[in-house]
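What follows is a short report on a single structure.
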Amino acid sequence: MLTPESAILATLVGYFALLVVIGVWASRRTHDAADFFLGGRRLGPWIAALSASASSSSAWTLLGVSGAAYLWGLPALWLFPATVTGFAINWYWVAPRLQRMSRETGSLTLTEFLAAPSAGTERRAILRLSSGVIVFAFLFYVAAQFQAAGLAFAASFGWPANASIAAGAAIVVLYTWLGGFWAVSVTDVVQGLLMVTAAVLLPSAALAAVGGPVPLIDGLRAAASADAAGLAGSYSGVLGVAFVLGTLGIGLGYPGQPHVVNRFMALRGADAVAAGRAIALAWAVLVYAGMLLLGLCGRVLFAGVPDGEQVLFHAARSLLPPALAGLMIAAVLSAIMSTADSQLLVLSSSVSWDLRLAGDRGLRNGALGGMRAVVAAVSLLAVLLAIAAPATIFARVLFAWHALGSAFGPLLVVRLAGRRVASGAALASIALGFSLTVVFFWLPDTPGDWLERLVPLGAAAAVAWIGSSAPPPR
């Protein structure tokens with residue numbers, strides 16, 4: 001008889017085998033740095049939309065968002081407009097402009113694009129600072145993905161967390177190392193489809209188990225504590241407004257994510273941008289609505305789950321047959337990999353491309369071996385961080401998310417508006433956005449973490465705008 005564990009294992013083995021096959025295929029399409037980092041700028045709408053969506057919606061979405069809905073109740077609903085708005089900003093404002101302007105400048109990375117108007121020592125300083133920010137933030141981000149892999153394997157098989165982290169990391173490194181951007185993008189399509197399947201199937205089963213929308217609402221009212229019954233949780237008045245604004249501020253970090261916007265740089269043309277936009281927004285609505293619904297249903301069905309970020313595993317094992325439960329676990333691992341692989345690629349580009357550009361030693365004609373060595377090295381560091389300093393996926397991802405969003409997003413938006421940003425202002429904007437995020441992260445939490453999510457972003461935007469000027473007329 002097929003046991004749940006054997007069904008899950010069979011599903012995962014087949015899934016991992018498919019990823020490795022894609023990696024081998026992609027390696028035959030990867031000949032130089034342009035192929036490794038941007039797929040030769042030949043990305044179509046389906047691959048770009050699903051790849052960018054899956055990359056921006058990591059284990060934080062499947063485990064973190066459902067866990068937040070389980071723990072918070074109704075206040076977690078603010079995560080839906082926050083995330084969907086972020087998708088809309090990226091696809092309506094950033095994508096069409098970045099696709100065109102990065103092609104015109106020949107930039108292969110977001111950092112190179114931001115530094116392009118500068119010259120000499122100032123350009124090198126921007127490249128070095130940006131690379132340092134990316135390496136710092138992505139080590140935490142990738143560590144969170146590997147930690148989520150440990151949760152998935154531990155929940156499914158009872159494996160030790162450290163071994164699970166190492167196993168998940170090895171798979172990601174293998175196909176990223178083999179095929180670079182093409183491997184990451186095509187596997188992200190598979191992973192994005194798995195994620196949306198999980199976001200439709202599992203919440204539907206949970207809602208049916210509750211008895212429908214009306215029993216769910218009644219159950220949430222009964223489960224809500226006296227201090228968390230409203231849409232702002234335990235906060236009211238000014239603090240309630242701060243909670244809502246801080247939560248909505250999550251969406252403002254989308255333009256500054258290098259592992260997401262590089263898909264826009266790789267799009268083949270304006271028609272691909274328009275088609276990809278509709279696909280990405282539909283995906284975001286389905287996935288985030290589904291995960292919030294799952295967490296709320298889990299709040300009624302599974303009282304007393306010690307770790308809210310495991311409510312998806314509880315629901316899969318309790319509500320689905322073994323084969324479908326295996327598919328859900330594969331969906332979680334796909335969320336992990338779809339973000340980790342993209343981030344490893346960006347880390348590789350920062351260390352092996354941007355830093356060499358800063359030293360006036362470009363890699364446009366090859367050096368793929370060095371890039372792949374960087375992928376392996378930073379993966380090892382992320383594994384060690386995940387093992388030595390575990391943290392909640394929700395908190396760790398949002399810290400890295402806002403560090404990147406505040407450092408790069410404001411400057412990118414101002415540049416895409418067609419304004420020329422002085423080199424000193426560009427440096428100050430990146431440094432201020434990043435450093436303020438780190439400082440506020442270490443201070444006591446505020447309602448909705450509004451201080452960490454809004455103030456660094458606003459300060460960096462002000463510096464970039466004040467230091468900019470309109471281009472001379474043609």
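Read the figures in this text as sums done on the coordinates, not as results from a lab. Values in this document were obtained by computation on a predicted structure and should not be read as measured data. Neighbour counts run over all protein chains shown; Cβ positions are idealised from the backbone, glycine included.
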Ranked packing of 44-51, 58-65, 231-238, 211-218, most packed first, by mean Cβ within 10 Å | 58-65, 44-51, 231-238, 211-218
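Report the extension gain between A222 and L9 in nm, rounded to one decimal, defined as 0.36 nm multiplied by the number of residues separating them, less their alpha carbon distance. Don't skip to the answer; put the middle values down first.
Details: separation 213, 0.36 × 213 = 76.68 nm, distance 3.79 nm.
Value of the extension gain: 72.9 nm.
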Over region 412-474 - Rg/Rh using Cα atoms and the Kirkwood inverse-distance radius | 1.11
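Within 10 Å, count the other beta carbons around each residue, average over each peptide in 247-260, 375-388, and list them highest first. Don't skip to the answer; put the middle values down first.
On the way: 247-260: 25.3, 375-388: 18.5.
For the peptides 247-260, 375-388, the packing ranking is 247-260, 375-388.
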J(HN,Hα) series, region 101-108, from Karplus relation 6.51 cos²θ - 1.76 cosθ + 1.60, nearest Hz, glycine and proline x | 6, 5, 5, 5, 8, x, 6, 9
Cα centroid separation - region 194-211 against region 76-147, whole Å | 33
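Report the calculated FRET efficiency for R317 and A376 (r = Cβ-Cβ distance, R0 = 25 Å), to the nearest 0.05. Please list the in-between numbers first.
Numbers: r = 34 Å, r/R0 = 1.38.
My answer for the efficiency is 0.15.
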Between M101 and F136, what is the FRET efficiency for a Förster distance of 35 Å, r being their Cβ-Cβ separation, to the nearest 0.05?
-> 0.85
Grab the other residues whose beta carbon is less than 14 angstrom from that of F87, score K and R as +1, D and E as -1, and report the net.
-> +2
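How much length, in nm to one decimal, is gained on full extension between I387 and A422, taken as 0.36 nm per residue of separation minus their Cα-Cα distance?
Going from the current span to full extension adds 8.4 nm.
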Residue-span extension gain [S204 to I466] - 0.36 nm each, minus C-alpha spacing | 89.4 nm
Could you go through region 245-257 in sequence order and give the Karplus-derived ³J(HN,Hα) for each residue, using 6.51 cos²θ - 1.76 cosθ + 1.60 with θ = phi - 60°, rounded to whole Hz, and x for Gly and Pro?
-> 5, x, 5, 5, x, 4, x, 6, x, 4, x, x, 8
